[in-house]
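First comes the structure, then the notes that go with it.
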Amino acid sequence: MAPVVGTVCLGRRDSHADQGAVATQFSNSTETGTSPTFFFLLIIIGTTSKGAATGFAGIPIGLALTLIHLVSIPVTNTSVNPARSTGPALFAGGDYLGQLWLFWLAPIVGAVMAGGLSRWMYEQEAIIDTIVVEERRVS
């Protein structure tokens, strides 16, 4: 809830700019929020699951988020964070408010799809536990 409250405050500050640039274009299809969230969560789950290299999850997660920003924002002017879409839409009003539900529903659908696929891909029977033996030296 705090991100929504914070972006509402920030949205008020931004609302003096051009409404088309401030309030995200909501006219895009649900794919604009579903696909990036699906792939982003698939990467997060894959890099943090058993058998993945420990300590390096931040690298693919950060690169995936960067790629999502570089591709989806210029193409569809989408917002990656639903809370960030809420503040400006509240102050822009009109059609933006009427279509705000899409920016909350699409990421949820993408997350559910990624969770289902990940559960199927990383079932417990398929995971082989590996034991990492580290040599510790005391100086």
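Looking only at residues of segment 45-63 that are under 17 Å from Met121 (Cβ atoms) and either in a helix (DSSP H, G or I) or in contact with a strand residue (DSSP E or B) (Cβ under 7 Å, 6 or more places away or on another chain) (or both), we find that the one that is modelled with the highest pLDDT is Pro60. All conditions but one from (1) among the small types (Gly, Ala, Ser); (2) touching a helix residue (DSSP H, G or I) at 6+ places or on another chain (Cβ under 8 Å); (3) modelled with pLDDT under 75 apply to Ser139; the one that does not is (2).
If you filter segment 64-103 down to residues that are touching a helix residue (DSSP H, G or I) at 6+ places or on another chain (Cβ under 8 Å) and among the aromatic types (Phe, Trp, Tyr), you find that the one that is farthest from Leu41 (Cα to Cα) is Phe91.
Give me the residue from segment 64-102 that is crowded, with 17+ Cβ neighbours inside 10 Å and part of a loop (DSSP other than H, G, I, E, B) and, out of that set, farthest from the chain's Cα centre (by Cα).
As a first pass, look at segment 64-102 and keep what is crowded, with 17+ Cβ neighbours inside 10 Å: 64, 68, 72, 76, 78-80, 82-92, 96, 99-100, 102.
Add one more test, that the residue is part of a loop (DSSP other than H, G, I, E, B), and what stays is 78-80, 99.
Details: Thr78: 11, Ser79: 9, Val80: 6, Gln99: 19 Å.
Ranking the qualifying residues of segment 64-102, first place goes to Gln99.
Evaluated against (1) in a helix (DSSP H, G or I); (2) over 30 Å from Glu123 (Cβ atoms); (3) at pLDDT 70 or above, Arg13 falls short on exactly one condition, (3).
The values are calculated or read from the model by the stated rules, or taken from the named source; none is laboratory data. None of the values given here were measured: they were computed from a predicted structure. FYI the Cβ positions are ideal-geometry reconstructions off the backbone, even for glycines, and counts take in every protein chain you see.
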